[in-house]
Each structure stands twice: as C-alpha cells, then as structure tokens.
1. Looking only at the stretch 172-201, which residues have a backbone nitrogen under 19 Å from a spot 7 Å from the Cα of Asn328 in the C-beta direction?
2. Can you order the peptides 274-280, 348-354, 298-304, 77-83 by their average number of other Cβ atoms within 10 Å per residue, highest first?
3. Estimate the FRET efficiency between Glu276 and Phe437 by the formula 1/(1 + (r/R0)^6), using the beta-carbon distance for r and 35 Å for R0, to the nearest 0.05.
4. How far apart, in nanometres, would the label points at Lys3 and Ala248 be if each is projected 7 angstrom from Cα along the Cα-to-Cβ direction?
5. Pulled fully out, how much extra length does the chain show between Asp226 and His134, if you take 0.36 nm times their separation in residues and subtract their Cα-Cα distance?
6. Assuming 0.36 nm per residue, please report the length gained on full extension of the stretch Glu43 to Glu400 beyond their Cα-Cα distance.
7. List Phe88, Phe24 from most exposed to least, where exposure is judged by having the fewest other Cβ atoms within 10 Å.
8. Which aspartates and glutamates, on any chain, are close to Lys6 with Cα under 14 Å apart, when same-chain ones fewer than 8 places away are left out?
Amino acid sequence: MKKGIKIVTIGGGSSYTPELVEGFIKRHHALPVKELWLVDIPEGKEKLEIVGKLAQRMAAEAGIDMTVHLSYSREEALPGADFVTTQFRVGMLEARAKDERIPLSYGVIGQETNGPGGLFKGLRTIPVIIDIVHDIERLCPDAWLVNFTNPAGMVTEAVLRYTNHERIVGLCNVPVGMQMGVAEALGVDGDRVRIDFAGLNHMVYGLNIYLDGNNIKQQALEAVADPANVSTMKNIAALGWEPEFIRALQVLPCPYHRYYYKTEEMLAEEQAAAEETGTRAEVVQGVEEELFALYADETLRTKPEQLEQRGGAYYSEAACSLINSIYNDTRDIQPVNTRNRGAVAGIPAESAVEISSVITKDGPRPIAVDELPVAVHGLVQQIKSFERVAAEAAVTGNYETALLAMTINPLVPSDTKAKQILDDMLEAHREHLPQFFQSEKV
Ligand code: G6P
C-alpha cells in the first residue's frame with residue numbers, strides 16, 4: 001500500500017475548505033492524507049491564500065503529517081493525485097445571484113440547481129469540468145474524481161456521457177441531511193437511522209427508513225409530516241408538508257422537492273426574500289465576507305462554527321467517508337451519484353443516479369431498487385431527460401438544445417417564457433458561456 005495519499009481540491013479557495021480539512025484531520029489514522037493541494041484560479045488568489053493558511057494552521061494544530069500546498073495550476077498540482085475533489089463555482093456568487101434574480105423577474109423559481117438557474121449553472125460548469133477531466137486523464141489517470149460542484153447530478157451525467165473517465169463519483173450532503181432530519185423528528189441520534197436512497201441529485205427519495213435495523217418507514221413519515229418537525233437545509237425555506245400528502249406519497253421527499261410539490265408557495269417565499277434580505281446568493285455573499293474575515297485571523301486554528309450558516313452541512317462527512325471507503329475498500333453503503341447500470345428501472349443504464357451504493361476500491365456499486373413508486377417515477381424521468389438535454393446543450397453550445405432543456409423543465413411554464421428567460425440569461429452570463437458565442441471569435 002502507498003504510504004500517503006495525495007488529494008487535489010479544485011476550487012480550494014472555497015469557504016467550505018475548512019470542512020474538508022477538518023474531515024481529513026478526524027480520519028487521519030485510517031486515511032493518511034499526506035498532501036493536500038488547494039487549487040484555484042488567479043482571480044481567487046486572495047481567498048485561496050486566506051483559506052489555505054487557515055488549512056495549514058489547522059493541520060499544524062492537529063499535529064498531523066499533512067502538508068497543505070496552494071497552487072494556481074492544475075498542471076503543477078495534479079500529477080500523482082489519488083483523489084481530485086471539485087468544489088468550484090464558475091462566475092462565483094455574482095453568477096448565482098443572476099441565476100436566481102432573472103427567472104424570478106419572470107415569475108419563475110430562481111434557484112441554484114433547479115429550473116432555469118440549474119440549467120445555466122450546468123451550461124457554465126460542464127465545459128470546465130470536462131477540461132478538468134481531460135487534465136486528470138493526462139496527468140493522474142488513476143485518480144478518483146469526487147465532484148461536489150453543482151448541479152452535481154447533471155455534472156456527473158455529463159462526465160459519464162462525454163468523457164472516458166469512469167472514476168467519477170458525484171456527492172451531495174442532501175441524503176445525510178435527510179437522515180439527520182428524520183433522526184431529529186424521531187428524537188434519536190443520527191447514526192441509529194439508515195435510509196435506502198434512490199432518485200437523482202436534489203431529487204432523491206428515501207424508499208425505506210430504518211431505526212437500529214428495523215424498518216420504521218411509516219413512523220418516520222408520520223414524524224416528518226408533523227408540522228412541528230419541519231426539516232430543511234439552510235438554503236431552502238422551511239415550509240411544512242401537508243401530512244396527508246406525505247402519507248399518500250409513501251416515500252420520503254428531499255428538501256428540494258418543495259420546488260416541485262410546493263412551487264407556488266416557494267415562489268412567493270423567494271420573491272419576498274429577494275425584496276427583504278436579498279436572494280440566497282446575496283445572503284451568502286454577506287456570510288462569506290464574515291467567514292473570510294474570521295479565517296484571516298491568525299489565531300484561528302480550527303473550523304469556525306459560523307460555517308454552519310451555509311447549506312453545505314455534513315459536506316465533509318460525505319466527502320471524507322467516501323474517500324475513506326474507496327481507499328480502504330470498506331464496502332459500506334453510502335448514497336452517491338454514480339452510473340445507474342440498471343439499478344433504477346426506467347432510467348438509462350448509462351445515466352447518473354443518486355442511490356445507496358456499496359463503496360469498494362473499484363468505486364460505488366449501486367444497490368438495485370427496481371422501479372420507483374408510480375407517483376414519483378415520472379418526475380424523476382422528466383428531470384433526467386432535462387439533465388441529459390441540458391448536458392448536451394452545455395457541450396455543443398447549441399441554442400435550440402438549450403431552449404429545449406429550458407422548456408421541458410417542469411418549473412418553466414411555457415416555451416415562450418423559456419425563450420425569454422433563455423435569451424436574458426445567455427446575455428447576462430455571456431462571458432462564462434463561450435460555447436454559445438463561437439461565431440463571435442476572431
Ligand atoms: C445544500 C445543497 C448543496 C448546495 C448548498 C448551498 O447543501 O445540497 O448542493 O451547494 O446547499 O448552500 P449555500 O449556503 O451556498 O446556499
């Protein structure tokens with residue numbers, strides 16, 4: 001076995017990096033990370049330096065043998081990597097704010113990973129991730145790519161369809177958040193609850209729910225439906241479900257399902273928030289400023305609590321457990337985004353699904369669930385079609401394909417509105433969408 005592990009984190013200047021560093025520190029006995037390379041673009045220098053120095057102080061404070069390197073070059077950082085994690089945001093929070101504001105101005109949900117916002121985040125991100133994968137294939141072909149960059153499902157789909165790199169796993173903190181939400185509703189510790197997950201990223205359902213190994217799905221659904229136990233994530237309004245709906249649905253929805261099953265109410269929430277506090281991206285800009293001011297304090301040597309204001313709670317839990325399980329071939333079960341291979345009937349075998357999988361040194365092995373319940377199957381298929389068409393638009397830069405993706409998204413009410421939103425957003429994000437403006441190149 002190799003002596004130490006090399007991890008490269010692209011988007012290393014993210015405010016989430018201390019989460020990751022804390023996860024590696026906690027697991028260092030089982031997962032000996034020897035080198036952590038934080039890579040970012042030169043425009044992100046200020047943030048990378050601040051968060052990088054904090055990461056170095058955290059490693060020193062923990063007394064572990066892990067060196068933290070800062071780099072602005074994938075060429076320099078990638079050779080010899082065992083795992084590459086990605087957590088970048090093309091166009092940063094300003095672009096996210098546009099993804100939220102523009103659809104809202106048309107009376108449509110404006111959200112980072114759903115509806116028009118999700119489409120545009122995909123259009124900006126997919127060409128970049130494909131470039132990164134080409135670098136990985138050249139510089140560290142055996143490395144696992146662990147992607148957190150949103151929209152994580154669409155990004156995984158694109159890598160699986162448009163590159164030859166099989167070693168990719170898409171990750172999200174939503175499943176672990178759901179597990180914690182159920183535990184809280186039941187008043188028990190999170191590690192006593194286990195959920196069988198299946199669906200897509202930000203469109204995942206809990207099919208069975210266990211407490212200490214006993215299937216307690218009905219009890220858990222009742223608890224979750226109780227308006228006293230509304231559970232969500234920091235970035236999604238905590239609107240409760242109609243208890244009868246949850247009873248009838250017979251599976252546990254994820255917090256993002258509110259955009260589909262409570263579209264009107266969520267739109268009203270977003271519109272009010274946009275006026276009162278700003279959109280989520282605008283709120284997060286303030287939180288980030290506060291976080292970076294804290295990170296810059298040279299006496300800070302651990303992850304500050306304020307990071308919990310972000311939606312990415314348990315992010316490091318998901319990333320570090322996955323890396324640990326691949327490295328140590330633990331064969332435990334974790335929910336990940338991986339190739340379906342027939343695990344969910346009715347979704348293409350080669351497409352990405354988010355599903356409980358056995359994690360081996362050869363990657364995730366999805367646990368087959370057969371067909372999803374009839375009430376949810378159609379929506380999952382529709383979102384998968386949207387993701388596929390969106391990924392194709394991102395790769396080809398074809399206007400009509402992008403319009404098709406926008407129009408078939410269930411949150412967009414008409415082809416005419418889809419076209420108006422598309423045209424506005426293409427213009428607003430022009431600098432990050434070169435594939436749509438090829439003819440303008442000299
Ligand atoms: C949730 C989602 C992530 C998303 C995050 C946004 O955790 O699962 O995919 O990135 O929220 O959080 P933020 O604090 O940036 O709004």
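1. 191-192
2. My ranking of the peptides, most packed first, is 348-354, 77-83, 274-280, 298-304.
3. 0.45
4. Each label point is offset 7 Å from its Cα along the Cβ direction, giving 6.4 nm.
5. Details: separation 92, 0.36 × 92 = 33.12 nm, distance 4.83 nm.
Stretched out fully, the Asp226 to His134 stretch lengthens by 28.3 nm.
6. Numbers: separation 357, 0.36 × 357 = 128.52 nm, distance 3.26 nm.
Between Glu43 and Glu400, full extension yields 125.3 nm more.
7. Details: Phe88 22, Phe24 26.
Ordered by Cβ neighbours within 10 Å, fewest first: Phe88, Phe24.
8. Glu35, Asp65, Glu76, Asp82, Asp142
Read-outs: derived from the displayed coordinates by stated rules, not from any lab. The structure presented is a predicted model; accordingly, all values stated were derived computationally and were not measured. Neighbour counts are summed over all protein chains in view; Cβ atoms, including those assigned to glycine, are modelled from backbone coordinates with ideal geometry.
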